[in-house]
Amino acid sequence: MFTTLVAVVAALVLGHVAPAPMASLRRFHWFERWLDWVGAHAGEGGFWQGRSGIWLALLPPVLLVLLLQVLLYGRLWGLLGLLFGVVVLVCAWGPRDLDIDVEAALDDSDPQTRRARLALLAPEPGATVVEGHLLPGTLMRSALRRWFAPLFWFLLLGPTGAALYRLAERAALAGPARLPVENAAGARVLLHWLEWPVAQLMTLALALAGNFDLVFRAWRAGGGDRWHAQSGFLEAAGRAAVRGELAEEAEDYLREGQPVPVAVTGELVELRDAMSLVWRMLLLWLALLALLVIAGWVS
């Protein structure tokens, strides 16, 4: 737990202090070359061509991280394991820092440049990011892939979990460009299952940080109460939460007889409120971790 807190703080700080080196470190070009190498040597019609073939590429690096995690556990009073965990989570974070990209879009007044900066918020290559009511859902998915999923799997399995998620995500987004068709489909299914529990916990945090009733209804309508690999309910919950917050802000001003300010009705207001909710969700997660750490020390 303590390692997780230190690693998250380090990831956030380094993303602000050295954004360019961190973004370069997190691109995982070596993994793309590894996928190409495995594909070139796996042969035709073998295991690599099937829906489980992606494990041929995932297992070697993930098992290496697991081996290092086991070997460094408890060494030098746990300092080596702590340092290794911080390094792995820092690398798995991102690849771009979410709040920096959001602030860049909010601060830009030129429509063309702003569209280019909004495109950086896309959760995957080729995804369209448009202004308006769909923007909060896009931001929630990006927050899951950049922050919350690595954090969840790091908390659950340590550095091995963070590495597994990030490499599975990279493989799924590589798609048919680097993988056989069935292999790419299997990688996408694996990614969906890795993201499903994270989306559930994010939605719970979103309900606690925002309007619980609106989020709960959107979660049910989006299929969050069903056991399947799709987690589109997260986007629906994000849109509902932001819509509810903006409506409440406008209602407060109208109740007091004041005109609704531009901050509630202006451009990219959905993005501003969605990022505020993401920060509150992250703080809820970290507050719970801190309480667990304190409880462990006390006991």
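Every test in (1) modelled with pLDDT under 95; (2) of a type in the set (A, V, I, L, M, F, W, C); (3) surrounded by 23 or more Cβ atoms within 10 Å (Cβ to Cβ) is passed by residue 156 save one, and that test is (3). For the residues 207, 237, the requirement of being surrounded by fewer than 21 Cβ atoms within 10 Å (Cβ to Cβ), modelled with pLDDT of 90 or more and under 22 Å from residue 143 (Cα atoms) singles out 207. Check whether at least one residue in region 5-13 is surrounded by 18 or more Cβ atoms within 10 Å (Cβ to Cβ), farther than 13 Å from residue 158 by Cα and over 20 Å from the mean Cα position of the chain (by Cα), and report yes or no. Checking region 5-13: not a single residue is surrounded by 18 or more Cβ atoms within 10 Å (Cβ to Cβ), farther than 13 Å from residue 158 by Cα and over 20 Å from the mean Cα position of the chain (by Cα). Considering region 71-86, and only residues there that are out of contact with any helix residue (DSSP H, G or I) (no Cβ under 7 Å at 6 or more places or on another chain) and either among the charged types (D, E, K, R) or at pLDDT 90 or above (or both), the residue that is nearest to residue 21 (Cα to Cα) turns out to be 83.
Are there any pairs, at least 6 apart or on different chains, whose C-beta atoms fall under 6 Å, with the first in region 58-73 and without any contact (Cβ under 8 Å) to a residue 12 or more places away in the chain and the second assigned to a helix (DSSP H, G or I), and if so, which? As it stands, the answer is 73/81, since those pairs meet every condition given. Of note, residue 77 does not satisfy the criterion of being crowded, with 16+ Cβ neighbours inside 10 Å and more than 27 Å from residue 272 (Cβ to Cβ). One residue alone among 51, 27 is out of contact with any Phe, Trp or Tyr (no Cβ under 9 Å at 6 or more places or on another chain), of a type in the set (Lys, Arg) and surrounded by fewer than 15 Cβ atoms within 10 Å (Cβ to Cβ), and that residue is 27.
The values are calculated or read from the model by the stated rules, or taken from the named source; none is laboratory data. Because the structure is a prediction, the values reported are computed rather than measured. Note: ideal-geometry Cβ built from the backbone for every residue, glycine included; neighbour counts use all protein chains shown.
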